[in-house]
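Student: Here it is, the structure in full.
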């Protein structure tokens, strides 16, 4: 089969790779679609994602496909089933796993990060990581289950209450997902901060109450000009020190700052503890998607989250290298690789 293999910093090559036969508790799927994640771009650039990625690994962890083989002990799926994949396989034995914190598993296997993933024609993994798709959900929608699941975990930790005013920095795919989920969680007013004004129309279409261009002036002043009440929750979805600082600066008293965007591991910000104390801010972040995939698929199935408008382009597997080398793809929304 063909697979996009990470060979080292800024080296991703399409290679012929043997399809691994499933062990008794594993399945093999024919990949239908796999999303390109910011984590993939970080790994490609030489940075660490959620886990260390050894060279020689096929990337891709946001994917769905059709089961073509099952191991002798598999009971939960059958050949022909359409499934979405939870890429994070927890050991169940380490201290975090035994204390309800499996997303910090010390022996985690990451499909598409520590072992071969979905930028390929086929993928073999443990059957327990597969979730059957309802009949009314497309395989492309199923591939979006993992990023939606990550966003759900972030929203869970953001402490949004009914009637809150929520500010989201970044109107990319993740920002627009977080915005929709914040609204579903009870936010009464959503403010989007995005310098690419062409993205404002989509944000309004999906439920934003106000879109601001940070290039127009100081963000705090812009919020005051539009008579926005105190920000209860600010969600940063860009992953840059400057935007994290903006999220902290504009968050109101007693509010939560969700640092959701993935930064470079070496990034730092200047923080004034007295300012955090004076406003009693809750600074937090979100790490992967612990047991949220089923909820994510339910949100997509019921129309609680609009997915189709977020898909920016569908790219053939044979053309995947240009997605990583051409910066213009970053502006298109979610890129789906179609084997």
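The values are calculated or read from the model by the stated rules, or taken from the named source; none is laboratory data. The shown structure was predicted, so the numbers you read here are calculated from the model rather than taken from an experiment. Heads up, the Cβs are rebuilt from the backbone with ideal geometry, glycines too, and the neighbour counts pull from every protein chain shown.
Student: Which one is surrounded by the most Cβ atoms within 10 Å (Cβ to Cβ), of the residues in the range 256-269 that are more than 11 Å from residue 238 (Cα to Cα) and touching a strand residue (DSSP E or B) at 6+ places or on another chain (Cβ under 9 Å)?
Tutor: Only one residue tops the list, namely 258.
Student: Can you tell me which residue among 68, 36, 31, 83 is more than 25 Å from the chain's Cα centre (by Cα) and in contact (Cβ under 8 Å) with a residue 12 or more places away in the chain?
Tutor: 68
Student: While we're looking at this one, here's another question. Looking at (1) assigned to a strand (DSSP E or B); (2) crowded, with 17+ Cβ neighbours inside 10 Å; (3) outside the structural domain of residue 120 (by TED's automatic domain parsing), which is the only condition residue 312 fails?
Tutor: Residue 312 satisfies every listed condition except (3).
Rundown of residues vs (1) in contact (Cβ under 8 Å) with a residue 40 or more places away in the chain; (2) buried (at least 22 other Cβ atoms within 10 Å of the Cβ); (3) not in a loop (DSSP other than H, G, I, E, B), yes/no style:
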{"position": "113", "(1), (2), (3)": "yes, yes, no"}
{"position": "118", "(1), (2), (3)": "yes, yes, no"}
{"position": "125", "(1), (2), (3)": "yes, yes, yes"}
{"position": "128", "(1), (2), (3)": "yes, no, yes"}
{"position": "142", "(1), (2), (3)": "yes, yes, yes"}
{"position": "150", "(1), (2), (3)": "yes, yes, yes"}
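Student: Does the range 14-35 include one or more residues that are under 17 Å from residue 263 (Cβ atoms) and either touching a strand residue (DSSP E or B) at 6+ places or on another chain (Cβ under 8 Å) or outside any helix (DSSP H, G or I) (or both)?
Tutor: Taking every residue of the range 14-35 in turn, none turns out to be under 17 Å from residue 263 (Cβ atoms) and either touching a strand residue (DSSP E or B) at 6+ places or on another chain (Cβ under 8 Å) or outside any helix (DSSP H, G or I) (or both).
Student: Are any residues in the range 42-75 closer than 22 Å to residue 141 by Cβ and touching a helix residue (DSSP H, G or I) at 6+ places or on another chain (Cβ under 6 Å), and if so, which ones?
Tutor: Listed by number, the residues that qualify are 59, 62, 63, 64.
Student: Ok, one more. Taking the options 95, 106, name whichever one is without any contact (Cβ under 8 Å) to a residue 12 or more places away in the chain, surrounded by fewer than 16 Cβ atoms within 10 Å (Cβ to Cβ) and not assigned by TED's automatic domain parsing to the domain that holds residue 249.
Tutor: Result: 95 is the single residue among 95, 106 that is without any contact (Cβ under 8 Å) to a residue 12 or more places away in the chain, surrounded by fewer than 16 Cβ atoms within 10 Å (Cβ to Cβ) and not assigned by TED's automatic domain parsing to the domain that holds residue 249.
Student: Within the range 184-203, is there a residue that is assigned to a helix (DSSP H, G or I), buried (at least 24 other Cβ atoms within 10 Å of the Cβ), in contact with a helix residue (DSSP H, G or I) (Cβ under 7 Å, 6 or more places away or on another chain) and touching a residue at least 24 places away in the same chain (Cβ under 8 Å)?
Tutor: No, there is no match, as no residue in the range 184-203 is assigned to a helix (DSSP H, G or I), buried (at least 24 other Cβ atoms within 10 Å of the Cβ), in contact with a helix residue (DSSP H, G or I) (Cβ under 7 Å, 6 or more places away or on another chain) and touching a residue at least 24 places away in the same chain (Cβ under 8 Å).
Student: Now a separate question. Looking only at residues that are surrounded by 15 or more Cβ atoms within 10 Å (Cβ to Cβ) and assigned to a loop (DSSP other than H, G, I, E, B) in the range 270-286, which one is farthest from the chain's Cα centre (by Cα)?
Tutor: Filtering first and then ranking leaves 281.
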